[in-house]
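Presented below is the structure to which this report refers.
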Amino acid sequence: MIPRYSRPEMVSIWAPETRFEIWFEIEAHALDAMAELGIVPKDAAAKVWEAHKCAPPFDIARIDAIEAETKHDVIAFLTHVSERTGPEARFLHQGMTSSDVLDTCLAVQLVRAADILIADIDALLAVLKRRAFEHKLTPTIGRSHGIHAEPVTFGLKLAEAYAEFSRNRARLVAARADIATCAISGAVGTFANIDPRVEAYVAEKMGLTPEPVSTQVIPRDRHAMFFATLGVIASSIERLAVEIRHLQRTEVLEAEEYFSPGQKGSSAMPHKRNPVLTENLTGLARMVRGYVTPALENVALWHERDISHSSVERYIGPDATITLDFALARLTGVVDKLLVYPERMMKNMNRMGGLIHSQRVLLALTQAGASREDAYKLVQRNAMKVWESDGALSLEELLKADAEVTHYLSAEEIADKFDLGYHLKHVDTIFDRVF
């Protein structure tokens with residue numbers, strides 16, 4: 001992942017130094033368990049831990065050099081540990097296979113990444129809640145198909161986003177639990193050369209649970225669900241980003257990204273204030289979703305294992321989590337500083353001559369005795385005149401002048417149907433449900 005879209009805490013999870021430290025912990029905890037079971041000398045594990053504490057950090061270049069010769073990353077690592085540790089290192093990896101280390105390490109990394117992402121969502125939820133209550137009763141037009149429909153509030157838009165990201169948080173918590181499994185079961189997963197109690201011990205030490213049946217790898221349906229969850233979260237990010245982008249269009253301009261002092265919108269046009277952050281979020285969401293299909297395709301491995309999944313996960317593990325971490329933080333910043341223009345919202349809502357109240361008139365006509373078909377025809381023929389006048393005409397006045405309409409409704413009854421407050425009477429109910 002490129003630094004432009006990265007944050008240090010998430011990046012550090014995927015650094016070689018972190019990966020090798022996790023590998024060592026897995027191997028050393030397994031050695032502890034084997035020493036307790038009498039499989040290796042009692043003091044072997046203690047000496048390995050002590051040597052590790054006294055040694056300098058892992059020499060990444062040295063491990064790479066060994067791997068260049070052996071063509072095997074775990075063997076290269078174990079060789080380097082042996083060089084640092086001494087003769088007790090021979091007891092490491094007893095009965096284990098490379099996937100025991102690699103898959104358990106990946107589980108640890110994904111759990112740590114999930115913890116950061118959950119914290120990211122919590123920060124976003126806090127901002128969405130604050131801004132939702134700030135604009136709880138700020139009227140704005142609801143749109144369907146991009147066309148004016150009926151009034152809502154800007155707070156309801158943000159409450160909808162809050163509810164969506166609350167669901168995403170629950171999905172991510174579940175995905176975290178699903179991915180947090182440990183496999184220390186040896187070749188083809190039969191425990192033939194390693195005691196299952198070793199796996200249980202390592203799992204506890206690494207904050208994982210034992211994989212019920214691992215073949216030689218942890219089943220990749222777990223990973224597929226994890227990355228699919230990240231893809232859903234990315235889509236939710238894009239949904240809110242697209243909403244903000246539409247609201248920032250010049251013709252709408254009901255809300256816009258904060259434009260900082262000294263910021264430039266265009267190299268050619270000094271007047272431009274572009275929604276660059278939310279456009280960026282749309283692009284980042286596409287990238288995160290792009291990693292879902294390879295994760296799904298990783299589920300079908302040959303027999304007890306192959307490594308067709310390995311190269312994929314070296315990409316998507318870091319890239320998907322780093323990108324989503326950055327995107328969530330960016331979206332939180334956008335919502336936190338979002339500029340909201342209630343007067344423009346009201347102006348836009350009123351620009352089409354009251355068309356947004358057409359349903360109330362339709363319903364009133366049916367309640368006054370008109371058939372639904374006739375009521376629809378009466379309201380629509382007047383509404384189309386307003387539409388074709390681009391809002392210059394008033395639906396309320398046209399209805400009051402229509403004898404077929406006033407046969408059912410008085411002028412006062414028609415006027416009553418153009419009350420904005422009517423549409424907002426259940427906002428409290430919705431907020432109670434959400435928050």
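The values are calculated or read from the model by the stated rules, or taken from the named source; none is laboratory data. Note that the coordinates shown come from a computational prediction; the quantities given were computed from them, not determined experimentally. Here Cβ is always computed from backbone atoms with ideal geometry, including for glycine, and neighbour counts include all displayed protein chains. With ligands, DNA and RNA removed, areas are computed over all heavy atoms of the protein, side chains included. Shrake-Rupley method; radii C 1.70, N 1.55, O 1.52, S 1.80 Å.
Details
- The number of residues in region 337-375 being hydroxyl-bearing (Ser, Thr, Tyr) and over 13 Å from residue 408 (Cβ atoms) comes to 2.
- Scanning region 396-432 for residues that are assigned to a helix (DSSP H, G or I), free of Cβ contacts under 8 Å to residues at least 40 places away in the same chain and either in contact with an Asp or Glu (Cβ under 6 Å, 6 or more places away or on another chain) or farther than 20 Å from residue 140 by Cβ (or both) yields a total of 12.
- Here residue 46 meets the list (1) part of a loop (DSSP other than H, G, I, E, B); (2) surrounded by fewer than 18 Cβ atoms within 10 Å (Cβ to Cβ); (3) over 37 Å from the mean Cα position of the chain (by Cα); (4) not acidic (Asp, Glu) almost entirely, failing just condition (1).
- Checking each residue in region 323-358 for being closer than 30 Å to residue 294 by Cα and open to solvent by less than 30 Å² (accessible area, probe 1.4 Å) picks out 323, 324, 325, 326, 327, 328, 331, 332.
- For region 287-327, a residue qualifies if it is in a helix (DSSP H, G or I), more than 13 Å from residue 1 (Cα to Cα), among the charged types (D, E, K, R) and in contact (Cβ under 8 Å) with a residue 24 or more places away in the chain, and the qualifying residues are 289, 313.
Per-residue answers, yes or no, for (1) of a type in the set (Lys, Arg); (2) closer than 30 Å to residue 221 by Cβ; (3) surrounded by fewer than 20 Cβ atoms within 10 Å (Cβ to Cβ):
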position: 51; (1), (2), (3): no, no, yes
position: 59; (1), (2), (3): no, no, yes
position: 62; (1), (2), (3): yes, no, yes
position: 104; (1), (2), (3): no, yes, no
position: 108; (1), (2), (3): no, yes, no
position: 114; (1), (2), (3): no, yes, no
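- Only residues that are assigned to a loop (DSSP other than H, G, I, E, B) and in contact with a helix residue (DSSP H, G or I) (Cβ under 7 Å, 6 or more places away or on another chain) were counted across region 143-167, and they come to 0.
- Positions within region 76-93 being more than 41 Å from the chain's Cα centre (by Cα) and β-branched (Val, Ile, Thr), in sequence order: 85
- Verdict on residue 204 being under 27 Å from the mean Cα position of the chain (by Cα) and either exposed (fewer than 14 other Cβ atoms within 10 Å of the Cβ) or not basic (Lys, Arg) (or both): no
- Residue 295 being crowded, with 21+ Cβ neighbours inside 10 Å and over 22 Å from residue 331 (Cβ atoms): yes
- Residue match in region 228-249 (condition: part of a loop (DSSP other than H, G, I, E, B) and out of contact with any Gly (no Cβ under 8 Å at 6 or more places or on another chain)): yes
- Flag: residue 393 matches the condition of being over 45 Å from the mean Cα position of the chain (by Cα) and not in a helix (DSSP H, G or I).
- Taken as a whole, the structure places residue 320 among residues that are buried (at least 19 other Cβ atoms within 10 Å of the Cβ) and under 32 Å from the mean Cα position of the chain (by Cα).
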